[in-house]
Amino acid sequence: MRKADRLRRSIERLPDQELKARTWELRARLAGGGAVLTEAFAVAREAAWRVRGRRYTADDLRAARALHRRSVAEIQDGTAAVTLAAYLGALDGRGLHLMTDGQAAETSAVCRFLGLSVATLTGDQDDGERESVYAADITVGPVKEFAYDYLSDNRCSGPGERLQRELHRAVVTDADLVLLDQAFDRLMVSRDDVPMAAITVGEYLALYEHLCGVSPVAATEAGLLSACYGLKVTLVGTARRGTRRDHPDLMYANAESKLRAIAAAAAEYREEGRPVLIHAGEPELADRLHDLLTGHGITPAPAHPRRPLARAGEAGAVTLMREFGPESKVILGGDLDWLAEEKVLVSGLDPVLTTAEAWEGAVAAARRSLLPAWTASRRRAAEAGGLVILGAQRLLSRRLERRLRELAGQQGHTRFLVAADEDWLAALARAVRGVIEDIEPMGGRLMGYTINRIQRGRERGNTAFRQTAFECYAVRSGIQQAVYGLRRGLVEGPHPLAALLAMAGEEHAAVLRAGAAGCGAQARAELIREAVDEAWAAFQAELQAMLDDLWEATFPDPEVAAFKDTAARRLEELQQELRTTIVRRILERPAWYTRPAGDAPWTRAPDHPGPG
């Protein structure tokens, strides 16, 4: 980092065009085997100051270096680290995938200023558009869009039809949520409502040659990230808590008493002008809390699908939160930049159809018009004591609970409320039975310590469960890669007939050479593709059924071992079945055969959230 600081003065003196030219110099040096990290960081840091008016800190540089070394960096605001790492990682020209549910505005602006191409992946693009997006130096988009295209590429009908380049580098924002909480979300493509190919988010991400990410809370999951993805966790800087108070839990006799207490507390805080964020978790709790809040004359703030907490910091706002979104902190007064963009969108101006200058000018004007009311709201919320976060249930890990508490930033207070009739507190409930009804809520340090000990045991069990689940899904992923590798050689490779003969073996080679001569290359490719896709769809359904049974049984060791043995044996059987099927179909089908035009197209099936 000191080397980057020493370069600052000389870099600062460069005019814009010379600063941009450094990108091509760095690319040439990297192609020749030279080291470029220090200068790349210095160049990107200076560009960020010129484009965004932001000075990157030593912590930002340390976090970016951790990303380049294949780590998850725990840092409160990872925007700068992602920008630095994306610029450096894209210099090799092999393509970098930035996986985020946000806009990546700062990363895009800095990298474009320095001459790199940045394109955004969206769900409404056709194949031609998506191919262009993947050709960019940096491709930005949600992880599930990347994963769906991977499935699509592995059902292509010939060479040159793939959308994605190699799975080289991926940078993941909110890495803990994506790598752990979304890991078992299953994505599928189907034909006539029949699943033909599927992959989980975790299986897809594990395929990248270089995977890294940023998260405000990852340290407590370091063991799981290492075991499942081979990733280290690097702590960068320490968050200053300021005046925020994280209160001990309060325990109520039953869930209804707890929810009524939350609604009453929210009403009181609202009267004081404090914003209140309630994490409800389960839909049933959220629905009941909504009814109780309505009874107090409170209409919870509606959540925007892209930025559910954009208004959560407004003075007197009460927000019901069901799941974590892209925000790492609630901004008192509201997210002014987002509110300005929303105001422009409501006016009818489309950022896609208008020029960048017109859009930015309209947003700046909207920001100025909103600033007085925003400033007043922010001041009132701060003077009242800041954000209040109330958790309607404890979460499954310290990581998620830290993430929830950190939304309050350095001001305000946080508290979880629990009920004695919750299953996981059964032992504690027996100890306080007979007294809690008279003195609820029960609280204090001893109660908080006891609940935390129970929670730690619950977390250890969940971690062990998820690690074993990852191991089993990795078995399925390995089989998938073997099948896809076979398919690529037979359908997309430079010498498909040679690959076919090698797969068929000596016992089929002679008769296959004679049969292949009467079957054109296109017809042969269609037959092979059809056979592999059908066999893999059936085999994958079989594997998924076994995995579902294991999940329900909580992955007992004997059954896990049996699954691994069965999967390996079935792969060998599948390969033999494919040899037989492909040879038979080639010998039976005439040269003019092609797939019937009426076959249903491939479509995305609805996402399947992980069973955990």
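Quick notes
- Exclusive hit being among the basic types (Lys, Arg), under 15 Å from residue 84 (Cα atoms) and open to solvent by 50 Å² or more (accessible area, probe 1.4 Å), set 6, 22: 22
- If you go through segment 86-120 and keep only what is part of a helix (DSSP H, G or I) and either in contact with a strand residue (DSSP E or B) (Cβ under 6 Å, 6 or more places away or on another chain) or of a type in the set (Val, Ile, Thr) (or both), you end up with 86, 89, 90, 107, 108, 110, 111, 112.
- Pick from segment 184-231, criterion among the aliphatic types (A, V, I, L, M), in contact with an Asp or Glu (Cβ under 7 Å, 6 or more places away or on another chain) and open to solvent by 10 Å² or more (accessible area, probe 1.4 Å), ranking: farthest from residue 545 (Cα to Cα): 219
- Residues satisfying the stated conditions in segment 371-398, i.e. closer than 24 Å to residue 347 by Cβ and either open to solvent by less than 40 Å² (accessible area, probe 1.4 Å) or touching a helix residue (DSSP H, G or I) at 6+ places or on another chain (Cβ under 6 Å) (or both): 374, 377
- The listed residue being of a type in the set (A, V, I, L, M, F, W, C) and either touching a His at 6+ places or on another chain (Cβ under 6 Å) or open to solvent by less than 50 Å² (accessible area, probe 1.4 Å) (or both), out of 538, 499: 499
- Pairs where the first residue, in segment 126-138, is within 24 Å of residue 85 (Cα to Cα) and the second is part of a helix (DSSP H, G or I) and not charged (D, E, K, R), C-beta under 7 Å, 6+ apart: 137/90; 138/86; 138/90; 138/111
- When residue 358 is tested against (1) under 30 Å from residue 108 (Cα atoms); (2) at pLDDT 85 or above; (3) over 26 Å from the mean Cα position of the chain (by Cα); (4) open to solvent by 60 Å² or more (accessible area, probe 1.4 Å), just one condition goes unmet, and that condition is (4).
- Residue count for segment 430-451, restricted to those that are in a helix (DSSP H, G or I) and either touching a residue at least 40 places away in the same chain (Cβ under 8 Å) or of a type in the set (Phe, Trp, Tyr) (or both): 8
- Apart from one condition, residue 569 fits all of (1) closer than 30 Å to residue 510 by Cβ; (2) surrounded by 13 or more Cβ atoms within 10 Å (Cβ to Cβ); the exception is (2).
- From the options 103, 125, residue that is under 15 Å from the mean Cα position of the chain (by Cα) and open to solvent by 20 Å² or more (accessible area, probe 1.4 Å): 103
- If you filter segment 232-255 down to residues that are among the basic types (Lys, Arg) and open to solvent by 30 Å² or more (accessible area, probe 1.4 Å), you find that the one that is modelled with the highest pLDDT is 232.
- Matching residues, segment 407-423, being surrounded by 21 or more Cβ atoms within 10 Å (Cβ to Cβ) and either modelled with pLDDT under 90 or not polar (S, T, N, Q) (or both): 407, 408, 409, 412, 416, 417, 418, 419, 420
- Tally of residues being out of contact with any helix residue (DSSP H, G or I) (no Cβ under 9 Å at 6 or more places or on another chain), in contact (Cβ under 8 Å) with a residue 12 or more places away in the chain and either of a type in the set (Gly, Ala, Ser) or over 23 Å from residue 414 (Cα atoms) (or both) across segment 223-245: 2
- Enumeration of residues in segment 424-460 that are of a type in the set (Asp, Glu) and open to solvent by 30 Å² or more (accessible area, probe 1.4 Å): 437, 438, 440
- For the residues 52, 70, 62, the requirement of being open to solvent by 10 Å² or more (accessible area, probe 1.4 Å), closer than 21 Å to residue 208 by Cβ and either under 19 Å from the mean Cα position of the chain (by Cα) or not β-branched (Val, Ile, Thr) (or both) singles out 70.
- Which listed residue is within 18 Å of residue 405 (Cα to Cα), at pLDDT 85 or above and either in contact with a Lys or Arg (Cβ under 7 Å, 6 or more places away or on another chain) or open to solvent by less than 20 Å² (accessible area, probe 1.4 Å) (or both), from 344, 330: 330
- Scanning segment 128-180 for residues that are open to solvent by 10 Å² or more (accessible area, probe 1.4 Å), among the small types (Gly, Ala, Ser) and within 20 Å of the chain's Cα centre (by Cα) yields one hit, 152.
- Residue 34 vs. criteria free of Cβ contacts under 8 Å to residues at least 12 places away in the same chain and outside any helix (DSSP H, G or I): yes
The values are calculated or read from the model by the stated rules, or taken from the named source; none is laboratory data. The structure presented is a predicted model; accordingly, all values stated were derived computationally and were not measured. Glycine also receives a Cβ, built like all others from the backbone with ideal geometry; neighbour counts cover every protein chain displayed. Just the protein is used for accessible areas: all its heavy atoms, side chains included, with ligands, DNA and RNA removed. Shrake-Rupley method; radii C 1.70, N 1.55, O 1.52, S 1.80 Å.
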